[in-house]
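*Asks:* There's a structure below that I have some questions on.
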Amino acid sequence: MSEMGNWYQSLIKPSWSPPAWLFGPVWTVLYILIIISFGKVIQSFFKKEIPFLILLPFILNIIFNLIFTPLQFGLRSNLLAAIDITLVLITLIWAMVAIYPTFRWVTFMQIPYLMWVSLATVLQLSILFLN
């Protein structure tokens with residue numbers, strides 16, 4: 001773990017990059033929001049209240065979200081991590097649009113996640129280009 005942290009710290013990052021200590025607390029809050037809202041979507045699918053096409057972007061978003069860390073820190077691939085975080089952003093927007101007519105509160109609950117992923121996408125693309 002320390003070796004991964006050292007590698008990441010050695011990368012050139014933009015001056016506006018958030019401090020390392022901020023990522024843990026932010027993701028903790030975001031994952032709580034994700035569990036509540038995505039849980040409602042999954043539950044609604046199994047109750048046959050929504051079709052699979054509304055559930056699909058939520059599933060893809062979680063998959064892309066979960067593989068970011070192995071791509072960035074395991075493979076140490078800024079390129080794959082940049083592609084992945086872009087897919088996280090795209091699937092999040094797709095999910096928010098898809099669920100809006102049925103559960104607006106789920107869309108609104110994703111706004112902090114959208115803001116953070118937008119920042120993370122720009123940060124990761126910056127790291128890619130700087131390194």
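Every read-out reported here was derived from the displayed coordinates using simple, explicitly stated rules and does not represent laboratory data. It should be emphasised that the depicted structure is a prediction, and the values quoted were computed from it without experimental measurement. Here the Cβ is made from the backbone with ideal geometry for all residues, glycine too, and neighbour counts use every protein chain on show.
*Asks:* What nm value, rounded to one decimal, do you get for the distance between I35 and L80 when each label is placed 7 Å out toward the C-beta?
*Replies:* For I35 paired with L80, the spin-label model returns 2.8 nm.
*Asks:* Also, I was wondering about something else. Seen from all sides and averaged, what is the projected area of the convex hull of the Cα atoms in the range 20-60, in nm²?
*Replies:* The orientation-averaged projected area of the Cα hull of the range 20-60 comes to 3.1 nm².
*Asks:* Sticking with this structure for a sec: Which order do peptides 110-116, 19-25, 78-84 fall in by mean Cβ count within 10 Å, highest first?
*Replies:* 78-84, 110-116, 19-25
*Asks:* Also: What 222 nm value per residue comes from the helices of the chain, counting each DSSP H run with n ≥ 4 as -39,500 (n - 2.57) and dividing by all residues, nearest 500 deg cm²/dmol?
*Replies:* After summing the helix terms and dividing by the residues of the chain, the value is -26000 deg cm²/dmol.
*Asks:* Just name one of S15, Q124, L55: the one whose Cα is farthest towards the positive end of the charge dipole of the chain (beta-carbon charges, Lys/Arg +1, Asp/Glu -1).
*Replies:* Of the options given, the answer is L55.
*Asks:* Mind checking the dipole of the chain: about its Cα centre, +1 per Lys or Arg Cβ, -1 per Asp or Glu Cβ, Debye to the nearest 20?
*Replies:* Computed charge dipole of the chain: roughly 260 debye.
*Asks:* Among S44, S10, which comes first, then next, by fewest other beta-carbon atoms within 10 Å?
*Replies:* Fewest-to-most Cβ neighbours within 10 Å comes out as S10, S44.
*Asks:* Over the residues of the chain, compute the C-alpha Rg and express it relative to 2.2 N^0.38 Å.
*Replies:* 1.12
*Asks:* For each of I99, I90, I63, count neighbouring Cβ atoms within 10 Å of the residue's Cβ, then give the residues from fewest to most.
*Replies:* The order, fewest Cβ neighbours first, is I63, I90, I99.
*Asks:* Let's test the formula: R0 of 25 Å, r as the Cβ-Cβ distance of W16 and I42. What FRET efficiency results, to the nearest 0.05?
*Replies:* 0.10
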